[in-house]
Amino acid sequence: MPRAVKFSRYGGPEVLEIAQVPRPVPGPGEVLVRVAVAPVNPGEAGIRQGVFADMWPAAFPEGQGNDFAGWVADLGTGVADFSVGDEVIGYLPRAAQADYVVSPARLLTLKPSDISFETAAPLSAVGVTAWAAVNAVGVGATDTVVVSAAAGGVGSLAAQLARLRGATVIGTAGPDNADFLRSLDVIPVQHGPGLTDRLRAAAPGGIDAFIDTFGQGNVDAAIALGVAPHRINTIADGRAVARYGVRHEAQEDAFSPQVVAELASLVAKGLLVVPISRIYPLEQVQDAYRHVQQRHTRGKIVLSLVAEEERAALAQQLRAEAPAGAPDIL
Ligand SMILES: NC(=O)c1ccc[n+]([C@@H]2O[C@H](COP(=O)([O-])OP(=O)(O)OC[C@H]3O[C@@H](n4cnc5c(N)ncnc54)[C@H](OP(=O)(O)O)[C@@H]3O)[C@@H](O)[C@H]2O)c1
């Protein structure tokens with residue numbers, strides 16, 4: 001039977017289990033996707049731990065994962081834009097870590113064939129979030145921009161998108177990631193105590209915009225450095241939003257298949273890199289979350305649901321089993 005990551009009580013990674021679930025059936029306007037890769041994100045750990053239970057309670061047994069990439073496996077009625085076997089990128093909150101997901105067709109993006117599933121899957125989550133943050137602060141070619149946690153999932157993409165706009169980008173990271181940031185043409189500055197002084201020294205001409213992807217005092221540092229609140233965006237510090245009126249644009253503010261397609265196109269052209277620090281098989285989902293919760297990921301950690309060597313045969317099998325003829329148009 002198809003597998004899906006589920007949890008039936010709030011807690012640490014140990015509450016995650018691989019459940020056997022029925023294969024879902026797509027309804028009108030929906031697409032069944034066989035998932036190849038589903039990333040893990042630190043925010044999902046907060047939901048599973050019950051941190052947000054008042055705002056967004058779980059419906060046990062709750063699913064897990066948001067972003068995914070895979071193949072179209074079946075079409076509901078009225079879907080004309082996709083065919084069985086197409087490679088797609090999608091976003092389904094609390095559901096993506098499963099062999100099969102059903103998505104509205106209008107939320108899917110065709111994956112360029114020349115980028116990997118590992119690279120493609122995070123684009124609908126951290127990619128779109130980075131896109132939102134860079135737009136929120138209006139990064140331009142003459143700007144000096146700071147990105148906090150610039151080696152992380154959102155940060156590494158936000159830093160590159162800001163560079164693509166021509167900005168000078170300073171990224172905060174630990175010493176182990178300094179060379180990695182230099183490889184992205186980003187100026188590394190170590191995070192931690194004394195950050196404000198180090199940023200001031202790294203940007204003698206001043207800092208125009210600040211993209212915070214980590215919280216924990218980064219917005220305070222930006223304000224202390226004289227960055228205007230409307231040119232600061234945080235995705236990790238609600239207190240700073242209330243206190244300073246800084247911006248807080250995130251995935252939900254920018255998501256559309258068009259934005260995902262634009263990000264995928266940048267990857268396909270070699271202009272944007274999605275660093276993948278580790279691939280775990282689905283069975284090791286608990287270990288994958290233990291790893292991501294350490295908060296020292298370079299780029300992304302992802303779950304593989306179909307082993308690399310099995311992917312070509314699976315795609316061929318899906319196409320061979322597809323019903324012949326045009327899709328049923330509503
Ligand atoms: N609302 C949304 O749409 C949305 C979407 C995605 C993410 N988020 C949120 O955005 C945040 C970032 O997510 P993410 O996936 O990018 O995180 P992540 O990949 O787990 O971030 C890891 C990075 O954080 C750095 N880091 C560790 N300690 C730090 C510190 N004290 N100061 C600055 N950086 C430090 C690490 O660098 P070193 O290893 O070099 O220390 C590492 O590269 C999370 O809070 C997440 O929940 C929100």
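The values are calculated or read from the model by the stated rules, or taken from the named source; none is laboratory data. As the structure is a computational prediction, the values presented were derived from the model and not from experiment. Please note: Cβ atoms are built from the backbone with ideal geometry, for glycine as well, and neighbour counts cover all protein chains shown. What goes into the accessible areas is simple: the full protein's heavy atoms, side chains included, and nothing from ligands, DNA or RNA. Shrake-Rupley method; radii C 1.70, N 1.55, O 1.52, S 1.80 Å.
Numbers for the structure displayed
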| item | result |
| --- | --- |
| Tally of residues being more than 10 Å from the ligand (Cβ to nearest atom) and of a type in the set (S, T, N, Q) across the stretch 278-297 | 2 |
| Residues (more than 16 Å from the ligand (Cβ to nearest atom) and part of a helix (DSSP H, G or I)) located in the stretch 243-277 | Arg243, Tyr244, Pro257, Gln258, Ala261, Glu262, Ala264, Ser265, Leu266, Val267, Ala268 |
| Set Pro39, Pro61: member being surrounded by fewer than 23 Cβ atoms within 10 Å (Cβ to Cβ) and modelled with pLDDT of 95 or more | Pro61 |
| Some residue of the stretch 158-178 being near the ligand (Cβ under 8 Å from one of its atoms) and either among the charged types (D, E, K, R) or farther than 21 Å from Arg295 by Cβ (or both) | yes |
| Per-region count, the stretch 266-322, residues closer than 15 Å to Gly43 by Cα and open to solvent by 80 Å² or more (accessible area, probe 1.4 Å) | 4 |
| Pair list, Cβ < 6 Å and 6+ apart or interchain, from the stretch 140-154 residues that are free of Cβ contacts under 8 Å to residues at least 24 places away in the same chain to residues that are away from the ligand (no atom under 11 Å from the Cβ) and of a type in the set (Ser, Thr, Tyr) | none |
| Inter-residue pairs, beta-carbon under 6 Å, first in the same structural domain as Gln97 (by TED's automatic domain parsing) and over 11 Å from Gln286 (Cβ atoms) and in the stretch 8-24, second open to solvent by less than 40 Å² (accessible area, probe 1.4 Å) and modelled with pLDDT of 95 or more, 6+ apart | Arg9/Val15; Tyr10/Gly50; Ala19/Ala4; Val21/Pro2; Val21/Ala4; Arg23/Pro2; Pro24/Val102 |
| Matching residues in the stretch 270-279 - criterion: being in contact (Cβ under 8 Å) with a residue 40 or more places away in the chain and of a type outside the set (A, V, I, L, M) | Pro275 |
| Matching entry among Ala125, Ala158, Ala173 (being open to solvent by less than 20 Å² (accessible area, probe 1.4 Å), free of Cβ contacts under 8 Å to residues at least 40 places away in the same chain and closer than 22 Å to Ala250 by Cβ) | Ala173 |
| Test: residue in the stretch 206-217 that is open to solvent by 10 Å² or more (accessible area, probe 1.4 Å) and among the aromatic types (Phe, Trp, Tyr) | yes |
| Subset of the stretch 26-36 that is open to solvent by 10 Å² or more (accessible area, probe 1.4 Å) and touching a strand residue (DSSP E or B) at 6+ places or on another chain (Cβ under 7 Å) - its residue that is farthest from Tyr100 (Cα to Cα) | Gly29 |
